[in-house]
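Notes follow once the structure below has been shown.
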Amino acid sequence: MKPKTEDEIGIHNRRLNMSIDRLVRGQTYRDLATVWLTPTRGQLAPKAVSSWLGLIRPMNQPFLGPIFIQGDEVGTAYQKGFEMVVDNPEIVKSFKYILTVEEDNLPPPDGLLKLYESIKDYDCVGGLYWTKGEAGQPMIYGDPSVMPRNFVPQVPRPDTLQRCNGLGMGFNLWKIDMFKRLPRPWFRTVQEHGKGFTQDLWFFNNAGMHGFKFACDTRVKVGHLDVASGLVW
């Protein structure tokens with residue numbers, strides 16, 4: 001029988017060690033069952049939806065959503081959405097992750113696959129996106145190596161996994177197990193005399209004090225859409 005030529009065995013077989021390493025790094029052989037949650041005011045921009053439709057999902061893995069939580073203040077919406085997942089015995093038994101995508105965020109096609117790669121040693125990882133406007137700030141809050149604990153925006157380090165004290169919630173992957181161990185409410189918007197937290201930093205402040213770890217994957221560059229002007233920051 002004629003032996004196979006290099007061409008005939010295929011690129012991935014010729015580079016077998018590299019191919020195996022890629023699979024191991026990507027975690028796609030593990031259970032990646034994911035629920036997608038999106039709070040919304042009920043008006044989704046076509047540019048955002050087009051971005052979501054291009055999002056690559058892992059092959060043959062359970063994926064539920066997007067599930068929309070409409071009409072609530074954002075902290076309340078997130079609390080309802082996460083409770084719906086964690087308090088449902090069938091979902092919490094079968095799913096490992098929650099993906100949050102906000103209605104004005106434009107993730108890259110491979111963004112979710114990269115978050116699966118980077119979450120291994122963390123409880124939540126997010127893509128890199130910025131607040132809107134010319135003076136936009138990166139939503140990578142607080143350097144864990146600096147004390148006292150703070151949420152000052154970090155300067156992004158390109159194409160790396162950057163540990164932080166907190167993130168925005170526009171494109172994040174969360175381990176569901178974390179929420180089984182944290183006291184409720186998990187998300188709350190606070191505007192009180194001398195104290196103010198958006199729902200994201202309320203969560204990260206409390207979860208960080210319980211020892212959970214977070215990072216921004218700066219390879220995952222997420223656009224932040226200003227719906228009125230059409231600009232993507």
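The values are calculated or read from the model by the stated rules, or taken from the named source; none is laboratory data. Note that this is a predicted model, so its numbers are computed, not measured. Reconstructed Cβ throughout: ideal geometry from the backbone, glycine too, with neighbour counts over all protein chains shown.
Scanning segment 129-161 for residues that are surrounded by fewer than 22 Cβ atoms within 10 Å (Cβ to Cβ) and among the aliphatic types (A, V, I, L, M) gives A135, V146, M147, V152, V155, L161.
In segment 89-96, is there at least one residue being in contact (Cβ under 8 Å) with a residue 12 or more places away in the chain and closer than 19 Å to F214 by Cβ? Yes. Checking each residue in segment 181-217 for being closer than 18 Å to L99 by Cβ and either β-branched (V, I, T) or at pLDDT 95 or above (or both) picks out W186, F187, F203, F204, A207, F212, F214, A215, C216, D217.
Enumerate the pairs (first residue in segment 110-133 and under 15 Å from W52 (Cβ atoms); second residue anywhere and of a type outside the set (A, V, I, L, M, F, W, C) and part of a helix (DSSP H, G or I)) with beta-carbon separation below 7 Å, excluding pairs fewer than 6 apart on the same chain, so at least 6 apart or on different chains. Within 7 Å, the pairs are L113/G26; G127/G111.
For segment 178-197, the tally of residues that are in contact with a helix residue (DSSP H, G or I) (Cβ under 9 Å, 6 or more places away or on another chain) and either surrounded by fewer than 18 Cβ atoms within 10 Å (Cβ to Cβ) or within 17 Å of M84 (Cβ to Cβ) (or both) stands at 12. Restricting attention to segment 98-124, which residues are within 18 Å of K221 (Cβ to Cβ) and of a type in the set (K, R)? Passing the criteria: only K114.
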